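Bear in mind these aren't lab numbers, they're just calculated from the coordinates by the rules spelled out. Everything numeric in this text was worked out from a predicted model, so none of it was measured. We place every Cβ from the backbone using ideal geometry, glycine too, and count neighbours over all the protein chains shown.
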Amino acid sequence: MNSVTDVSSIWADNIGSNCNSLPRPHGGKLINKFTTRKNVDGLFSIEVAIDIRNDIENIADGTFSPLEGFMSQEDFESVIESGHLKNGLAWTIPIVLDVDEKTAAEIKDSGEAVLKCNGDYFAVLNADEVYSFDKRGTSKAVYQTDDIRHPGVARTLEMKDKLIGGKIEVIKKNSASSLRKYRMSPSETREEILRRGWKTVVGFQTRNVPHVAHEMLQKAALNIYDGLFLNPMIGKKKRGDFKDEVIIETYRTLLEKYYPKDRVMLVTLHTVMRYAGPREAIHHAIMRKNFGCSHIIIGRDHAGVGDYYPPFASQKIFKHYPDLGIQPLFFPAFYYCKKCISYANERNCPHGLEFRDELSGTKMRELINRAEKPAEHLMRPEISKLILSYKDPFVR
């Protein structure tokens, strides 16, 4: 059974944890939906965006195990209503393909379609059904709001009116982007983890450049567990977030300068940031479980945006998923204490708010936006210099 862990209480007794092998993939096996099929002549074609192509590849290589394609209506409605697939397996984020009425009619007649992105044919969809969905109802279930100012809600309300359910087969991987240099499939990450002899692996989800509080948190995990799996999310983000290439380069630089190379893996995850708070925290945990992580760090306001979710909602939701198969780690929030002259948290520092220098991605973005170099106790100088070398490091 999965249990929630507060890391501050296990320093002494959790070295060499109870996890003697890699966790089983979600649903019991890694999905593989790649095919050697070449002939797609005559098939009806559907153009999809790069984010959809990325998620199709995530289905094909097992990152989204146990999904084998886009959700059926039964699975979709079950996920919306209960946060589980119709078979009872935990799943909290709809993975769907939206199309307009004309395309829906075409796919009903053909039953099979070739998928293309920027004119590049890369996958085949075997369509089982076409169905309608309630966009506002979906938004309220997934994002706990239908406020169009929420980036996930805005994206949902802009979707086309029909959804296609059906399995996919990928005939060509996406190799066009240099951002995919650090991408690995779950079978590849699991093989590498086993090669390194790690018994316990902590996943770290991020959509930001690293600041020192992140580093302290990650290294606290390295004091207890065998390996750290740094897994930046690469894909569509909201305006004002750091660009993908900036995130990758800052983490690459941090690892070169400040981390033991044999204890850390840097692997990119190519999917959209949904900003779904608690539900996305569970989704993040499932993907890292498929990669082979035994644990995942879930921070304050994990996958949140604005003030749509209570600060610890993404931690509390794990109480409703006790058998998830990956153990969430809840660290207390780190801050720099000017009295202690070190990083601290409320468990080990007695000093008041006036001595605290709080860190957050928002604060770092504000400093960089003003072309100000963050203090060295907030961000490593090599990271600050690298970010400031970009003419515009933010999504616009």
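General observations
- FRET efficiency for Lys38 and Cys340, using Cβ-Cβ distance with R0 set to 45 Å, rounded to 0.05: 0.10
- Dividing the mean sequence gap of close Cα pairs (under 8 Å, 6+ apart) by how many residues the stretch 44-172 holds gives a relative contact order of 33 percent.
- Debye log10 I(q)/I(0) for the chain, one point scatterer per Cα, at q = 0.08, 0.09, 0.15 Å⁻¹: -0.43, -0.54, -1.51
- Rounded, prolate or oblate (a/c below 1.5 giving rounded, otherwise prolate when a/b exceeds b/c) for the stretch 260-337 by Cα gyration tensor: rounded
- Nearest-20 debye value, the stretch 44-172 charge dipole, Cβ charges on Lys, Arg, Asp, Glu: 260
- Base-10 log of normalised Debye intensity for the stretch 201-314 (one unit scatterer per alpha-carbon) at q = 0.11, 0.20, 0.24 Å⁻¹: -0.33, -1.17, -1.61
- The angle separating the long axis of helix 73-82 from the principal Cα axis of greatest extent in the chain is about 30 degrees.
- The chain, helix-only ellipticity at 222 nm - DSSP H runs n ≥ 4, -39,500 (n - 2.57), divided by all residues, nearest 500: -9000 deg cm²/dmol
- Normalised by the number of residues in the chain, the average gap of Cα pairs under 8 Å and 6 or more apart makes the relative contact order 21 percent.
- Close amide H pairs (under 5 Å, H built 1.01 Å from N) link Arg183 with Thr268, residues at least 5 positions away or on another chain.
- Cut-off 15 Å between beta-carbons: net charge of the residues surrounding Glu188, Lys and Arg +1, Asp and Glu -1: +4
- The residue list Gly304, Ile383, Gly69 was ranked by how far each Cα lies along the charge dipole of the chain toward its positive end, using unit charges on Cβ atoms, and Ile383 comes out on top.
- With the largest listed first and rounded to whole Å, the semi-axes of the equivalent ellipsoid of the stretch 251-396 from the Cα gyration tensor are 27, 21, 17.
- For the stretch 44-172, the equivalent ellipsoid derived from the Cα gyration tensor has semi-axes of 23, 17, 14 Å, listed largest first.
- Under the combined filter of DSSP loop state and at most 13 neighbouring Cβ atoms within 10 Å, the stretch 321-382 retains these GluC sites (Glu not before Pro): Glu346, Glu372, Glu376.
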